[in-house]
Amino acid sequence: MTSENFSREQLRRYNRHLILDGFGEQGQRRLLNSRVLIVGAGGLGSPIALYLAAAGIGTIGIADGDDVSLTNLQRQIIHSTGDIGKPKVDSAERRINELNPDVKVEKHAFYLNEDNALDLIRDYDFVVEGSDNFSAKYLVNDACVMLDKPFCIGGINRYSGQVMTHKPGTACYRCLFPEPPAQEDVETCAMVGVLGSIAGMLGTVQATEVIKHLAGIGEPLYNSMLSFDALTMQWSRFRFDKDNNCNVCGDKPSITELKEYAFQPCKNNR
């Protein structure tokens, strides 16, 4: 790849990537040619979308069936007060277009479910999940494993958060959490609250994981879970192995069709 493949504006916009040791023009070209789906345009999805757009991901898909509410604005920084009542995919598209006109935005104004997940995910190179919804996490995991797609799953609650990344052949979400929790055991941000700033901290970790995987740099969180506790300001990385008996990515998977978990999306709280 030569600099002739980049416009003059792109050479300036992505200059700090282009001069970055180990990244350079090849890494930037990979980003510009990539298609990434973000599931959830809320607390995690906001910084994910902004940093991926700034980095020059060629096509960003955003899947979210919710509208912006006042309670979102404490942490969902891609939206503004003037967006209240509007679909989140619309305000996210507007902000991405303002930030980087290189990026094509594909809006999917609906929630992921067992009927649409495979068709939606099939067209993307990488899926990053940031919803407050266990149904979406397991749907993303199972659909991506079935389609041999890499993905990153994140979650936040109260003062803490977690992130893991998968590529074909590595441990999936079900290797660590084989089954969804019972619905009565699930806490949402609406029930217990969340410190707004940790959405930015974990969301930028997820965006970094996407960039690393696509650009082929560093060591993404394959076979690992990264956890963060804001009260003690401590990060910890827990390594776990691929489970050959996993129900979806194991040697003899028992899950061969998508099945939606009964947990319902909590509107206006991602």
Residue satisfying condition, being surrounded by fewer than 22 Cβ atoms within 10 Å (Cβ to Cβ) and not in a helix (DSSP H, G or I), within set 43, 22, 82: 22
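Please find, among 198, 217, the residue that is modelled with pLDDT of 95 or more and either of a type in the set (Phe, Trp, Tyr) or open to solvent by less than 30 Å² (accessible area, probe 1.4 Å) (or both).
Just one listed residue meets the conditions, 198.
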The stretch 160-182, subset of a type in the set (A, V, I, L, M) and surrounded by fewer than 23 Cβ atoms within 10 Å (Cβ to Cβ), residue farthest from the chain's Cα centre (by Cα): 182
Residue pairs meeting the criteria (Cβ under 6 Å; at least 6 apart or on separate chains; first touching a residue at least 12 places away in the same chain (Cβ under 8 Å), in the stretch 5-34; second open to solvent by 100 Å² or more (accessible area, probe 1.4 Å) and outside any helix (DSSP H, G or I)): 25/1; 26/1; 29/1
Count of the stretch 228-244 residues which are open to solvent by less than 90 Å² (accessible area, probe 1.4 Å), part of a loop (DSSP other than H, G, I, E, B) and free of Cβ contacts under 8 Å to residues at least 40 places away in the same chain: 2
Number of the exception - residue 34 against (1) in contact with a strand residue (DSSP E or B) (Cβ under 9 Å, 6 or more places away or on another chain); (2) of a type in the set (S, T, N, Q); (3) modelled with pLDDT under 95: (3)
Any pair with Cβ under 8 angstrom, 6 or more apart, that starts in the stretch 105-118 at a residue that is assigned to a loop (DSSP other than H, G, I, E, B) and ends at one that is among the β-branched types (Val, Ile, Thr) and crowded, with 16+ Cβ neighbours inside 10 Å: 109/89; 112/39; 112/140
Residue 73 being over 21 Å from residue 198 (Cα atoms), surrounded by fewer than 23 Cβ atoms within 10 Å (Cβ to Cβ) and more than 16 Å from the chain's Cα centre (by Cα): no
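The values are calculated or read from the model by the stated rules, or taken from the named source; none is laboratory data. None of the values given here were measured: they were computed from a predicted structure. Cβ coordinates were reconstructed from backbone atoms using ideal geometry, including for glycine residues, and neighbour counts include every protein chain displayed. Quick note on the areas: whole protein, heavy atoms, side chains included, nothing else; ligands and nucleic acids left out. Shrake-Rupley method; radii C 1.70, N 1.55, O 1.52, S 1.80 Å.
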